[in-house]
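Each remark here refers to the structure printed beneath this line.
The values are calculated or read from the model by the stated rules, or taken from the named source; none is laboratory data. Computed from a predicted structure; not experimentally measured. Here Cβ is always computed from backbone atoms with ideal geometry, including for glycine, and neighbour counts include all displayed protein chains. Note: accessible area is taken over every heavy atom of the protein model, side chains too, but ligands, DNA and RNA are not part of it. Shrake-Rupley method; radii C 1.70, N 1.55, O 1.52, S 1.80 Å.
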Amino acid sequence: MKKLGVDRIISLSAVGSMREEIEPGHIVIPDQFYDLTKHRKSTFFGEGVVAHVGFADPVCHDLFGVLADAGGKSGATVHKGGTYICMEGPQFSTRAESRIYRKWGVDVIGMTNATEAKLAREAEICYATLALSTDYDCWHESEEDVTVEAVIAVLMKNIETAKKIIKEAVAMMPAKRGCRCSEALKNAIMTKAELIPEKTKKDLDLIIGKYIKT
Ligand SMILES: [Zn+2]
């Protein structure tokens, strides 16, 4: 994405709902993530360069606003804001896990977005998610437990809604970015330039080149 010159990413995600009022077919635009992933790389840094980007607000404020407005025009039920818990997967949750996540106060569950948001922020790319609720995970007593077939059936319906919202959002998007995502790395690189290995500087040139010259 960075190589292509992309500066905004709208992620489309199938999620499980962790709240009664977020029904299958509803849209959620999360504004927070809780990362429970364990076995994946979620940073560009580490090989001789340390960077700590701010991540208190992991979603681009401006992109969130555009998606919220576009969602409102789509006719779909849109929940603006919410916490997305990102589990490792690929298995779905156990009933015990699902109940515990609900007690934590999360709104939706998925397997990809926290990692994407972290990498996007480090790459200074705006990031927001259109989360499409497909099921009630397995906590819901009166609903059938989540199966791949059931998820895919709702997912197919959600795709049409997502297409509408994306079309609207792209038309509404201002040409230039006015947010702070484009300078997320400005004061985040801790390692002195002269101490960063040349190979790392080259490998990360696309990300850090504007701050650290090779
Ligand atoms: Zn932004």
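Compute the distance in nm between two label points, each set 7 Å from the Cα along the Cα-to-Cβ direction, one at LYS2 and one at VAL170.
2.5
Can you count the Lys pairs in the stretch 35-158 whose Cα atoms are under 30 Å apart, with each pair 8 or more apart or on different chains?
14
Just to be sure I understand the rule: take each whole DSSP H helix in the chain, project its Cα atoms onto its long axis, keep it if the span is 20 Å or more and its mean Kyte-Doolittle hydropathy is at least -1.0. Which ones pass?
Within the chain the helices that satisfy the rule are 148-172.
Among DSSP bridges having both ends in the chain, what percentage is antiparallel? Round to the nearest 5.
Percent antiparallel among DSSP bridges in the chain is about 20.
So if I average 1/r over every pair of distinct C-alpha atoms in the stretch 59-108 and take the inverse, what Kirkwood radius in Å does that give?
One decimal place: 13.0 Å for the Kirkwood radius.
May I have the extent of the alpha carbons of the stretch 8-208 along their three principal axes, as whole Å values ordered from largest to smallest?
61, 40, 26
With a 1.4 Å probe and every protein chain left in place, tell me how much accessible area PHE45 has, in Å² to the nearest 10.
Result for PHE45: roughly 10 Å² accessible.
Tell me the mean residue ellipticity at 222 nm calculated for the chain from its helices only (DSSP H runs of n ≥ 4, each -39500 (n - 2.57), averaged over every residue, nearest 500).
The helix contribution divided over the chain gives -9500 deg cm²/dmol.
Ignoring any ligand, DNA or RNA, what whole percent of the accessible area of the chain comes from carbon and sulfur when the probe is 1.4 angstrom?
Here carbon and sulfur together make up 54 percent of the probe-accessible area.
For LEU119, LEU130, give me the order by solvent-accessible area with a 1.4 Å probe, most accessible first, ignoring ligands, DNA and RNA.
LEU119, LEU130
Would you mind calculating the relative contact order of the chain from Cα pairs under 8 angstrom and at least 6 residues apart, reporting the percent as a whole number?
35 percent.
Working out 0.36 nm times the residue gap between THR94 and LYS186, then minus their Cα-Cα distance, what length gain in nm do you get to one decimal?
29.0 nm
At 1.4 Å probe size, what's the solvent-accessible area of HIS52? Round to the nearest 10 Å².
Approximately 120 Å² for this residue.
Pop the C-beta distance of LYS73 and MET156 into the FRET formula with R0 = 25 Å and round what comes out to the nearest 0.05.
0.70
Ignoring ligands, DNA and RNA, what accessible area per residue does the stretch 101-214 give at 1.4 Å, in Å²?
56
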